[in-house]
Structure formats: C-alpha cells, structure tokens
Amino acid sequence: MITREKLENQQIWIYGISLIFGGVLGISNEDLGTSLDWAISPLIAILMYGMFAQIPFLKLREAISNIRFMVALLIGNFIVVPIIVWILITIFPQSPPILLGVCLVLLTPCIDYVIVFTQLGKGNEKLMLASTPILFVVQMVLLPLYLWLFIGEEMVGVVQIGPFIEAFLLLIVVPLILAVITQLWAKKRALGEKALELTAWLPVPFMALVLIVVVASQIGKVYSDFEIIVRVIPIYILFLIITPLVSRFIAYVFNLDKGAGRALIFSTGTRNSLIVLPLALALPDSWATLAAAVIVTQTIVELIGELFYIKAIPKLILKDHTD
C-alpha cells in the first residue's frame, strides 16, 4: 500500500522520471506536447493550493516579523543576484532577444513553487510564503530598472506587466485564499478536517504533473533553436552553483537559523520562470520565440538543479549539526 510518507520519500525519483517522460513526450509528439500548454497554470495553482493548505497560517505573523530574514532576502535577491547576473552576461554575451529572456528570468525571484522546494529541502516554508508579496512588489518595481541597466532604455517599455499580475493572482492569491478557507473549514467540521488531510497528498503528484506538462509543452521550442539556446546553458548552470554559496555567506552574516538560511538559498537560486513566461510571449513576434525558448531552457535546467538542491542544501551547504 502506498502511504504519503513513502510517496514523499521517493519524490526525487518521481521528479526525475517526470522530467525524462515530459522530454520524450514533447520531442516524440510535438503537437501533443504543445497542446498541453493550457494545463500549466491550472496544475501550478492546484500544486500551490496543496502546499499552502499544509502551512499553519496562524504562525505567519512570527515569520513576517523576522526582519533579519526579510532584509537578507532583499539583499540576496535584488543586490547580490543582479551582480551575479551582470557578471555572467558579461562573460557570456548574448544577442538582444536572448539577453532579454535571460534577464527576465534570472532577475525575478520565484514566488510560487519555490515554497514547495523550500519545504522539500528542509527550509522554513512559512518564511517563504510570508515573503512572496514583498518579493512580488519589489521585483515589479525594480525589473524595468534592471532591464534599462542591463539591456538599454528601449527595453523598458517592451515588457507588459498585465500578464505578470494575472499570473500572481491566479497562481498565488486564489490558491492561498482557498487554502485558508479549507483550514477554517477543518476547524469547524469533520468533513473539512478530512479534506485538509487529503490536500497533504497533492504536492508530490502535482509537482510531477507540472514537470511533465512544462517540459512536454515547451521542449519543442528549445529543440528547434538549440544551437542558439545552448549558449545560455553555462549561464544557468553557473548561476545555480554560485547563488547557494553566496547565499550561505549572507545567511552567516545575518546569523539566520538553519530553516531561514535554507529558505534564503532556495529563494536566490530559484527563479520566476513559469510566471515570466507570459511576459516573454507578450513580446513582439521576432523576440517572443527566442525569449520564451530561453526562459523554458532555464526552467528545465533549474528543475534538474532543484533535484540536487533538495539533497545538497540540507546535507552539504547548510546542514544541521545532527545531519
């Protein structure tokens, strides 16, 4: 009999198989893969609902009041990460459409499935949840400035903010409200308590489905422009390697506890790929294809990297004394 504990213990293998299956599906039947586009947002929304439902919201006040973590988070994501990105794009120069895609995805910290990965990596997911509105607002304000600094003034007006706000509402706000309603229901009714228990089964299978659908639906774009796209892969790999080490130092400077430190590492290393994808698709046609392919490539590289993060961060980079 499959128990939730057994499912969670095998999640690394499940996600790895999901990545491979999605890639094979998308390459072998591109039409079928492309037709799965519509399912990405609903699946992420269900995944986030399942994740939010497990978080004790009555303790969020304690998380929000962790000023040291919030300051470290802002410094890591909006000062240190842009410096790292600037160094990487200087070492690996790209054409404007490619550069725009790289900047869009690497300069925006993740505000959705990073919560799931933080929990899987034994970080403080409550802190990550509490930080999502702050991260959202700050990246919205700073993204035009970053694009102007990194690419040029003509890029500031290219990015449409509407799709970004829509994605935030559908992927974060709505699942969050439903999760709170479920928890309130669970306190008053036995049926609600059973429903809340069932939500604990959602994160692992729906994360697997998200991986399959994202890779299957987007792998064709990456494959068709692979000779161009392959040039950004070193940037993404180095980003995944450098950010945990730098964030570990920031956690040390701010004297963060293990859970908060791991949350910081996951936040700086995990980017807003699935939510900024609509931004890239809203670009002019000549830019949209390449920018979107660059973002999807980052998604694939990052998701593979997250499988290593889940094990490496709590075991090697920021481990408990008892590990």
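The values are calculated or read from the model by the stated rules, or taken from the named source; none is laboratory data. Since the model is a prediction, treat every value here as computed from it, not as a measurement. Note that each Cβ is placed from the backbone with ideal geometry, even for glycine, and that neighbours are counted across all protein chains shown. When the accessible area is computed, the model is the full protein with side chains, heavy atoms only, and any ligands, DNA or RNA have been set aside. Shrake-Rupley method; radii C 1.70, N 1.55, O 1.52, S 1.80 Å.
Place a label point 7 angstrom from the Cα of Ile12 along the Cα-to-Cβ direction, then list the residues of the stretch 286-323 whose backbone nitrogen is under 14 Å away.
What the label zone holds, given the 14 Å backbone N cut-off, is 304-317.
Amide H to amide H, which residues 5 or more places from Arg271 or on other chains are under 5 Å from it, using H placed in the peptide plane?
It is Cys110, by chain and number.
Counting every Cα pair in the stretch 270-323, what percent are over 12 Å apart? Mind showing how you got there, number by number?
Values: 968 of 1431 pairs.
In whole percent, the share of Cα-Cα pairs in the stretch 270-323 beyond 12 Å is 68.
For the chain, with only Lys/Arg (+1) and Asp/Glu (-1) charged at the beta-carbon, what is the dipole magnitude about the Cα centre, in debye rounded to 20?
Working: 20 positive and 21 negative charges, 253 e Å.
In total the dipole reaches around 1220 debye.
Under a Cβ-Cβ cut-off of 13 Å, what is the net charge of the residues other than Tyr309 that fall near it, where Lys and Arg count +1 and Asp and Glu count -1? Don't skip to the end; give the middle numbers.
On the way: positive: Lys122, Arg248, Arg262, Arg271, Lys311, Lys315; negative: Glu302, Glu306.
Counting the neighbours of Tyr309, the net charge comes to +4.
Which residue fluctuates most in the GNM of the chain (Cα springs below 10 Å): Leu290, Leu211, Leu25?
Judging by the Gaussian network model, the answer is Leu25.
Keeping the other protein chains in place, figure out the carbon and sulfur percent of the accessible area of the chain, with a 1.4 Å probe.
69 percent
Taking only Cα atoms of the chain, what ratio of Rg to Rh do you get with Rh as the Kirkwood inverse-distance radius? Can you show the working numbers first?
Numbers: Rg = 19.0 Å, Rh = 20.0 Å.
Using Cα coordinates only, the ratio equals 0.95.
Starting from 0.36 nm per residue, how many nanometres of slack lie between Trp86 and Leu191 once their C-alpha separation is accounted for?
Values: separation 105, 0.36 × 105 = 37.80 nm, distance 5.25 nm.
Taking Trp86 through Leu191 to full extension adds about 32.6 nm, to one decimal.
What's the center-to-center distance, using Cα atoms, between the stretch 230-245 and the stretch 1-55 in Å?
Value for the Cα centre distance between the two parts: 24 Å.
Between Ile2 and Arg68, 0.36 nm times their residue separation minus their Cα-Cα distance comes to what?
Roughly 19.7 nm would be gained on extension.
Using the Kyte-Doolittle scale, find the helices of the chain whose mean hydropathy is at least 0.0 and whose Cα atoms extend 24 Å or more along the helix's long axis, counting only whole DSSP H runs. Write out the running numbers ahead of the final one.
On the way: long enough: 11-28 (25 Å, 1.57); 125-150 (34 Å, 1.57); 203-224 (32 Å, 1.65); 233-253 (31 Å, 2.02); 285-312 (40 Å, 1.09).
For the chain, where a helix must reach 24 Å along its axis and average at least 0.0, the hits are 11-28, 125-150, 203-224, 233-253, 285-312.
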